[in-house]
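Asks: I have a structure I would like to understand better, so I am pasting it below and will then ask my questions one at a time.
Laboratory data are not the source of any read-out in this text; all were calculated from the coordinates shown. Quantities reported herein were computed from a predicted structural model and do not represent experimental measurements. Cβ coordinates were reconstructed from backbone atoms using ideal geometry, including for glycine residues, and neighbour counts include every protein chain displayed.
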Amino acid sequence: NTTYTVVTSVTRNRNLIYNGDFELGDVGFESQYTFFPFPPNPANSGFAQRSYSIVNNAQQFEPQFQPCVDHTSGNGKFMAIDGATVPNIKIWSQKVAVSPNTNYTVEYWIQSIDGASPALIETQINGAPITGTAGGSTFTAPSTVCSWRQVTYNWNSGANTVAELSFIGRNISSNGNDYSIDDISMKHSVA
């Protein structure tokens, strides 16, 4: 006849994204782009568009790119991307469990690895723009190569218990439109 109370604690600023820093390679996410493994060097020797690789230096993906490295240590891995020439293709996506009616902060880092025609990346959750509008959910990659920029959005889960976070390329130019992303995170917002 004893009553027990169980109390647990959950770290609220834990990153819900698995392998968002790409240090584990090409695992934990989906992409509608073609993966080119590294090695060989370069991974994408045929310069295929709508392609990506997980590398330490953008020249390991395609030799004409600038020698851009990851934004944290300069020695880590990141996702190097040769943009698509067709619309509405998912560059990267991952489903995560979320708590209903909870605020989340979504962040990622982006850099151009070719200065021509910077990428336009729309962030979506469950197939809709994260801010509610495509314009407010789309970020233009820096025109300066090897210059990382952090992108941040806030999102409320509403009735959702699962969130599919996706990045969609909105620039479909075959000239340039080459970039890399790194350190993707989705965390509970701090009040």
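Asks: Among 161-167, 113-119, how do they line up from the highest to the lowest mean number of other beta-carbon atoms within 10 Å?
Replies: The densest-packed peptide leads the list: 113-119, 161-167.
Asks: If you plug each phi of the range 81-97 into the Karplus form 6.51 cos²θ - 1.76 cosθ + 1.60 with θ = phi - 60°, what whole-Hz ³J(HN,Hα) values come out, in order, with x for Gly and Pro?
Replies: Once rounded to whole Hz, the list reads 9, 9, x, 7, 9, 10, x, 6, 9, 6, 6, 8, 8, 7, 9, 9, 7.
Asks: Calculate, in nm to one decimal, what V96 and E30 gain on full extension: separation in residues at 0.36 nm each, minus their alpha carbon distance.
Replies: 22.5 nm
Asks: Shifting gears a bit: Can you list, bin by bin at 5 Å, the percent of alpha carbon pairs in the range 1-149, starting at 0?
Replies: 2, 8, 15, 20, 20, 13, 8, 4, 3, 2, 2, 1, 1, 1, 0
Asks: Full extension from T2 to A116: what is 0.36 nm times the residue separation minus their Cα-Cα distance, to one decimal in nm?
Replies: Net length gain for the segment: 34.0 nm.
Asks: How large is the dipole of the range 61-191 about the Cα centre if only Lys and Arg carry +1 and Asp and Glu carry -1, each at its Cβ, rounded to the nearest 20 debye?
Replies: 320
Asks: Related question: Rounded to whole Hz and in sequence order, give me ³J(HN,Hα) for the range 131-142 from the Karplus expression 6.51 cos²θ - 1.76 cosθ + 1.60, θ = phi - 60°, writing x for Gly and Pro.
Replies: 8, x, 10, 4, x, x, 9, 10, 10, 8, 4, x
Asks: Specify the residue with the greatest mean-square fluctuation among V27, V69, V151, computed from a Gaussian network of the chain linking alpha-carbon atoms under 10 Å apart.
Replies: The residue that fluctuates most here is V27.
Asks: In a Gaussian network model over the chain where Cα atoms closer than 10 Å are linked, find which of G25, G46, G76 has the largest mean-square fluctuation.
Replies: Among G25, G46, G76, the largest mean-square fluctuation in the Gaussian network model of the chain belongs to G46.
Asks: Another question about this same structure. Using a Gaussian network for the chain with springs between C-alpha atoms less than 10 Å apart, which of these wobbles most: G176, G20, G28?
Replies: Sorting by GNM fluctuation, first place goes to G28.
Asks: Once both labels are modelled 7 Å past Cα along the beta-carbon direction, what's the N19-I89 spacing in nm?
Replies: 2.1
Asks: Sticking with this one: Charges only on Cβ, +1 for Lys and Arg, -1 for Asp and Glu: so what's the dipole of the range 1-78 about the Cα centre, in debye to the nearest 20?
Replies: The calculation lands at about 220 debye.
Asks: Turning to a different aspect of this structure: Given 0.36 nm per residue, what is the gain on full extension from T152 to N103 after removing their alpha carbon distance, in nm?
Replies: Between T152 and N103, full extension yields an extra 16.3 nm.
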